[in-house]
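Below is one structure, written out as structure tokens; the observations come after it.
Any read-out appearing in this document is the output of simple, stated calculations on the displayed coordinates, not a laboratory observation. Just so it is clear, the model here is predicted, and its values are computed rather than measured. When we count neighbours, we look across all protein chains shown, and the Cβ atoms used for this are built from the backbone with ideal geometry, even at glycine.
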Amino acid sequence: MKILIAGDGVVGDSLTRQLSGEGYDVTLIDSNERVLQSSVDRYDVMAVCGNCASLEVLEEAGVRDADLLIAATSADEVNLLSCMTSHGVNPRLQTIARIRNPEYTEQVYAMSEAFALSLIVNPERQAAEEMENLLKYPGFLKRESFIKGRVQIVEVLVAEDSPIAGSNLHDIVSKILRLPVLVCIVQRGGETITPRGDFVIRPGDRLFVTAPSRNLENLLKKLGLLQRRVGKVLLCGGGRISYYLAASLSKSGVDVTMIERKRERCAELSGMLPGVNVVCGEPADRLLLLSEGLRDCDAIVTLTDYDETNMIVSMLANSLGVPRIITKLSQMENASLLGNLPLGSVVSPGELCCSTITRYVAAMDGSTGAAVSVHSIAEGKAEAMEFHVEKGEKFCGRPLKELHMKKGVIVACISHGSKTQIPNGNSVLEPGDSVVIVTTGDTVIQKLSDIFA
């Protein structure tokens, strides 16, 4: 599949790394020659320097025989024009546009056919939805859905007083949780571990647990993480994510206070969000945060434009015992620090956007056995993928214990029709099944049969 990526910013770079690593033919377009050269030096891609909406530049990049255009420049208008122009010269081309301005949201969705858009992604809106979901399930740091929402991989932080701290995984699953779950990844400090049954869990570990969705609430109860409903939330920063999140929370009856530094933006937000308390001030000002009820709030979400500020405010909230903390990070290069910092749930709008696009690419890929969806987990150090089992595969009908898996590959869940199973050595894969695979390290899996040695 030939893919054009217009815009080599944070999202463009992340997509380039992931898609080129999966073997797709990627061509980058950007007006910044220095940035393009850096990408060419790091990845196996072609590059064209110029205006992403220019027909001449698009044709130089090979738009006439491309399969997909991803328009992810910093300007919504350029993204729309790039998609319209490209589709005009190549009607079979599929297009994805990143649209961030709330003023365009409704009309772009309503006129997606006129704009020749196959998929619209809004990182800020998507991040707000993710944060709202995390506030509804306060015990989980992150959640990823598979098999039409019937299976989840959730991230859990092990506290000092956790009932599972000090126990090995075999005892945790069979004696403490007594639920069909699988701990597929453990992050300890900066290390990502694929644990065995005798692995002992310690306070501070981050666990990535595969479980049927119907068991999530029970899992929270067993882990002692079921908390009361969030009633009062403090938002630090008044950007687009804050707007989307505040509007949704306010409609649900949550008491929302937002702190924004710019006076003009405060006036704008007050007009758009009549049910929200908008305060003009510095979001990192300790005295202001305390005066606005930081100690008494159920949750704080740090949403300024600066990762460092978000980290500092989140750590302050943690020191004061705020029950629920969500931290926005734009640059996921900072992820290596997360294992040692009390930041609560970390949400990256760019990472969410890339995940949505890569799942779309996987769905487009018509090759037999290709992944239905791909999710990056454990700060990008592991991937969770969903596959459909095709007819004629040599591994069908054989117990997993008789098959040799590649190093770093875990079969996390198997779905037989309406039945969902956490697999064991006697489990078998049959045509028509859906299966969730988790991989770590440098293992590249492009189709289901690649998991076997």
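General observations
- Fraction of beta bridges assigned by DSSP in the chain that are antiparallel (%, nearest 5): 55 percent
- Taking amide H as placed 1.01 Å from N in the peptide plane, the amide H of ASP25 sits under 5 Å from that of ILE3, each at least 5 places away or on another chain.
- Counting all C-alpha pairs of the range 343-453, share separated by more than 23 Å (%): 29 percent
- Once the GluC sites (Glu not before Pro) in DSSP loops with at most 10 neighbouring Cβ atoms within 10 Å are cut out of the chain, the longest remaining piece is 161-453.
- Ratio of Rg to Rh for the range 140-223: 0.93 [Cα atoms; Kirkwood radius as inverse mean 1/r over pairs].
- Over the chain, relative contact order from alpha-carbon pairs under 8 Å, at least 6 apart, %: 11 percent
- For the range 65-138, trypsin sites (Lys or Arg not before Pro) meeting the loop criterion (DSSP other than H, G, I, E, B) and having at most 11 other Cβ atoms within 10 Å: ARG92.
- Both the radius of gyration and Dmax for the range 32-83 are 11.3, 29 Å, in that order, over alpha-carbon atoms.
- ³J(HN,Hα), Karplus 6.51/-1.76/1.60, whole Hz, each residue of the range 387-393, x for Gly, Pro: 10, 9, 7, 8, 5, x, 6
- Amide H contacts of GLY238 (H built 1.01 Å from N, in plane; Pro and chain starts excluded): ARG261 sit under 5 Å, all sequence-distant by 5 or more or on other chains.
- Partners of LYS222 within straight-line reach, counting lysines whose Cα lies under 24 Å from its Cα and excluding those fewer than 8 residues away in the same chain: LYS136, LYS142, LYS175, LYS419.
- Given +1 at the Cβ of Lys and Arg, -1 at the Cβ of Asp and Glu and no other charges, the dipole of the chain around its Cα centre is 1860 debye to the nearest 20.
- Alpha-carbon Rg/Rh ratio, for the range 389-451, with Rh computed the Kirkwood way: 0.93
- At 1.002 mPa s and 20 °C, Stokes D of the chain from Kirkwood alpha-carbon radius, µm² per second: 91 µm²/s
- Across q = 0.19, 0.20 Å⁻¹, the range 2-121 modelled as identical point scatterers on its alpha-carbon atoms has Debye log10 I(q)/I(0) values of -0.93, -1.03, in the order of the q list.
- Computed over the range 232-351, the ratio Rg/Rh where both radii use C-alpha atoms and Rh is Kirkwood: 0.94
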